[in-house]
Amino acid sequence: YYEQCLQLEREIGFRYAEAHTLQVYGETLLALNVLDQAADTFRQALALRRELEQATMHLLPPQLGLVHVAYLQQEMALAQTQLLALLPALMTHQLDGLGDPFGLYWRCYGLLVAYQDPRAPQILALAYQLLQEQADKIPDADSRQSFLQNVPEHRELVRAMAKLI
């Protein structure tokens, strides 16, 4: 379905949607452990987002996807170098407007932990703070609890922070 979606987006010239579809497709391929194709798809998403002159926050998902692929392919030095280059943007940019900003923070935290980087707690604390700020906007207590516990990345951020404190 991704290929059909991309074909249609290309036919009608809907390049912003194409960039988003490439990103989601890359995430799906990564989850399926189809690493070479995931990396290629992330590269396409990144190139298109750059061509469209999208904001830094929109460049981070494919960049972090490439870092994760490199890590899984045992290209440790490359993954670590690329991850460290992304940290300043992750620490200073609000990721509102992205479909899953907390998934990005969770992935970044996991990679920092894997590299025993001392900044891992800092990125976790930031992600947790932003998650709580988002949750606080939900007026209904049951819905707020669902937001924190039923989304896997949200749940893991809460658990990791509880272990840290």
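Values in this text are rule-based calculations from the coordinates and carry no lab data. Computed from a prediction, not measured in an experiment: that's the story for all the values here. With ideal geometry, Cβ positions are generated from the backbone for all residues, glycine too; neighbour counts draw on all protein chains shown.
Annotations
- Crossing angle, helix 15-31 versus the chain [Cα axis fit, 0-90 degrees, rounded to tens]: 60 degrees
- With at most 16 other Cβ atoms within 10 Å, longest stretch of the chain clear of loop GluC sites (Glu not before Pro) (DSSP): 76-165
- Cα centroid separation, the range 1-43 to the range 45-124 (Å): 18 Å
- Estimated inter-spin distance, Arg119 and Thr28, nm [label 7 Å along Cα→Cβ]: 3.3 nm
- Each residue of the range 102-107 was assigned a 3J(HN,Hα) from its phi angle through the Karplus expression (A = 6.51, B = -1.76, C = 1.60, θ = phi - 60°), giving 6, x, 5, 5, 5, 4 Hz with x at Gly and Pro.
- For the range 49-63, the Karplus equation 6.51 cos²θ - 1.76 cosθ + 1.60, evaluated at θ = phi - 60°, returns couplings of 4, 5, 4, 7, 6, 6, 4, 3, 4, 7, 7, 4, x, x, 5 Hz by residue, with Gly and Pro reported as x.
- The alpha-carbon atoms of the chain, seen along their principal axes, cover 49, 41, 29 angstrom, with the largest extent given first.
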